[in-house]
Amino acid sequence: MSDQAYDSNNIFGKILRGEIPCHRVYEDADTLAFMDVMPQSPGHLLVIPKVPSRNILDADPAVLSKVIPVVQKLARAAKDAFEADGITVIQFNEPASGQTVYHLHFHVIPRYEGQALKPHSGQMENNEVLAANAEKIIGELGN
Ligand code: AMP
């Protein structure tokens with residue numbers, strides 16, 4: 001199990017409650033997907049379940065079974081929208097692994113042959129770029 005209990009005051013909890021904005025690309029009854037504000041590659045997005053858990057260690061398997069098909073849907077859409085050669089899916093659990101936000105999330109990151117990822121939680125992208133990238137994915141989901 002997780003080392004600590006879920007704290008609803010985390011930044012993704014605030015996004016889910018509409019207390020802070022996000023560049024949303026997909027939402028259904030169980031999940032929300034939005035652009036990562038510090039992308040490791042153009043088109044880097046995050047998929048989160050609406051039901052709270054700190055990470056995969058304390059998540060309900062029934063919730064995971066709702067989230068993973070959405071991760072796949074967004075991975076396919078991001079690959080096409082950004083004409084990527086591949087997609088990296090990353091999911092961190094607890095500080096030792098690199099987790100910095102304690103609401104379960106899956107990173108979906110377009111990848112290109114021979115190109116390394118930018119640093120995790122590195123530089124903030126500007127809002128116009130994030131908005132344009134979100135529109136590309138939304139457009140691809142509509143196809
Ligand atoms: P981690 O918990 O280490 O898997 O990473 C959290 C991710 O959330 C990082 O990639 C951050 O760039 C990203 N992030 C932090 N705050 C926000 C925010 N307000 N909206 C979107 N992404 C965020």
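Take Ile20 and decide whether it is surrounded by fewer than 14 Cβ atoms within 10 Å (Cβ to Cβ), outside any helix (DSSP H, G or I) and modelled with pLDDT of 95 or more. So Ile20 fits the description; yes. Taking strands (runs of 3 or more DSSP E) as the structural unit, those lying wholly within the range 24-130 and holding at least 2 residues that are in contact with a helix residue (DSSP H, G or I) (Cβ under 7 Å, 6 or more places away or on another chain) and open to solvent by less than 20 Å² (accessible area, probe 1.4 Å) correspond to 31-35, 45-49, 106-111.
As a summary of the residue check, Pro69 satisfies the conditions (1) within 13 Å of the ligand (Cβ to nearest atom); (2) at pLDDT 95 or above except for the one numbered (1).
Residue count for the range 5-43, restricted to those that are free of Cβ contacts under 8 Å to residues at least 12 places away in the same chain and within 25 Å of Gly86 (Cβ to Cβ): 0.
The values are calculated or read from the model by the stated rules, or taken from the named source; none is laboratory data. All values reported here derive from a predicted model rather than from experimental measurement. Because the Cβ atoms are built from the backbone with ideal geometry, glycine has one as well, and the counts that use them run over all protein chains shown. Calculation scope for accessible area: heavy atoms of the full protein, side chains included, ligands and nucleic acids excluded. Shrake-Rupley method; radii C 1.70, N 1.55, O 1.52, S 1.80 Å.
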